[in-house]
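Student: Provided herewith is a single structure, encoded as structure tokens, for subsequent inquiry.
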Amino acid sequence: MKEEYLLTGQLEPTNEAYAVAKIAGIKMCQAYNQKYHKNYISVIPTNLNGPGDNFDLETSHVLPALTRNFHEARQSKHDYVEVWGSGKPRREFIYVDDLAEACIFLMRIYNENEIINIGVGKDLSIMELAEMIKGITNFEGYIKFDNSKPDGIARKLLDVSKIKALGWEAKYELHAGI
């Protein structure tokens with residue numbers, strides 16, 4: 001997804017309110033920049049992972065939920081871990097320290113009024129993510145995909161060519177971050 005695609009299509013229904021709130025914040029920053037000659041920067045980060053993540057199974061996102069499920073399944077010696085959906089949707093993840101570094105980098109050099117994506121520019125399927133976490137946690141059972149549960153949007157991958165052209169790139173690989 002390129003930065004300029006924002007507001008060019010319908011919002012994903014399951015997180016529409018969240019998206020509208022973020023868009024309102026972006027538009028407010030852009031208006032303040034124009035009216036008061038400020039330099040507020042609006043960034044769009046991809047999914048985060050790293051220390052301080054939310055591992056609560058009721059409120060967490062896919063990566064910490066899978067990590068907790070595989071860890072607990074290994075400890076309890078379960079035969080399998082159930083994963084929602086087909087495993088086909090693709091997601092991108094950035095390590096929290098990379099996001100922090102990117103924000104500091106942009107505060108030092110970025111003087112535009114347009115949003116900028118922060119990500120790694122690579123995605124993987126939920127199935128690949130589950131297999132990776134299975135290996136990291138040394139879980140010996142199998143993965144069971146529950147196709148009765150929703151997949152969500154098919155792909156969430158940011159175009160990070162703009163920030164790369166400015167000279168910034170993520171340092172942490174997903175496996176190391178997990």
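Student: So, of the residues in region 41-92 that are in a loop (DSSP other than H, G, I, E, B), without any contact (Cβ under 8 Å) to a residue 24 or more places away in the chain and hydrophobic (A, V, I, L, M, F, W, C), which turns out to be farthest from H175 (Cα to Cα)?
Tutor: L57
Student: If you go through region 134-178 one residue at a time, how many are closer than 30 Å to S42 by Cα, of a type in the set (A, V, I, L, M, F, W, C) and surrounded by 16 or more Cβ atoms within 10 Å (Cβ to Cβ)?
Tutor: First pass over region 134-178, keeping only residues closer than 30 Å to S42 by Cα: 151-178.
Of the ones still in play, those that are also of a type in the set (A, V, I, L, M, F, W, C) are 153-154, 157-158, 160, 163, 165-166, 168, 170, 174, 176, 178.
Checking the rest, the ones that are also surrounded by 16 or more Cβ atoms within 10 Å (Cβ to Cβ) come to 157-158, 160, 163, 168, 170, 174, 178.
Residues flagged as closer than 30 Å to S42 by Cα, of a type in the set (A, V, I, L, M, F, W, C) and surrounded by 16 or more Cβ atoms within 10 Å (Cβ to Cβ) within region 134-178 amount to 8.
Student: Can you pull out every residue in region 71-126 that is small (G, A, S) and either surrounded by fewer than 16 Cβ atoms within 10 Å (Cβ to Cβ) or at pLDDT below 95 (or both)?
Tutor: Kept after step one, since they are small (G, A, S), are these residues of region 71-126: 73, 76, 85-87, 100, 102, 119, 121, 125.
Those that are small (G, A, S) and either surrounded by fewer than 16 Cβ atoms within 10 Å (Cβ to Cβ) or at pLDDT below 95 (or both): S76, S86, A100, S125.
Student: Name the residue that is nearest to the chain's Cα centre (by Cα), counting only residues in region 10-65 that are hydroxyl-bearing (S, T, Y) and modelled with pLDDT of 95 or more. Show your work before the answer.
Tutor: Start the filter on region 10-65 by keeping residues that are hydroxyl-bearing (S, T, Y), which leaves 14, 18, 32, 36, 40, 42, 46, 59-60.
When the remaining residues are screened for being modelled with pLDDT of 95 or more, the result is 32, 36, 40, 42, 46.
Working: Y32: 27, Y36: 32, Y40: 22, S42: 16, T46: 4 Å.
Step by step, filter region 10-65, then rank; the result is T46.
Student: If you don't mind, there's one more thing I want to ask. What is the one condition in (1) without any contact (Cβ under 8 Å) to a residue 60 or more places away in the chain; (2) touching a Pro at 6+ places or on another chain (Cβ under 8 Å); (3) closer than 16 Å to L158 by Cβ that S125 does not satisfy?
Tutor: Single failed check for S125: (3).
Student: Taking region 136-178 on its own, how many of its residues are without any contact (Cβ under 8 Å) to a residue 24 or more places away in the chain and either within 20 Å of P89 (Cβ to Cβ) or of a type in the set (V, I, T) (or both)?
Tutor: Number satisfying all stated conditions: 1.
Student: Show the residue pairs meeting these rules: Cβ distance below 6 Å; 6+ apart or different chains; first residue within region 93-105 and under 10 Å from W168 (Cβ atoms) and part of a helix (DSSP H, G or I); second residue among the aliphatic types (A, V, I, L, M) and modelled with pLDDT of 95 or more.
Tutor: D98/A170; A102/I118
Student: E131 is checked against (1) surrounded by 12 or more Cβ atoms within 10 Å (Cβ to Cβ); (2) in contact (Cβ under 8 Å) with a residue 40 or more places away in the chain; (3) not small (G, A, S) and fails just one. What number does that condition carry?
Tutor: Failed condition: (2).
The values are calculated or read from the model by the stated rules, or taken from the named source; none is laboratory data. Computed from a predicted structure; not experimentally measured. All Cβ positions, even for glycine, are placed from backbone atoms using ideal geometry, and neighbour counts span all protein chains on display.
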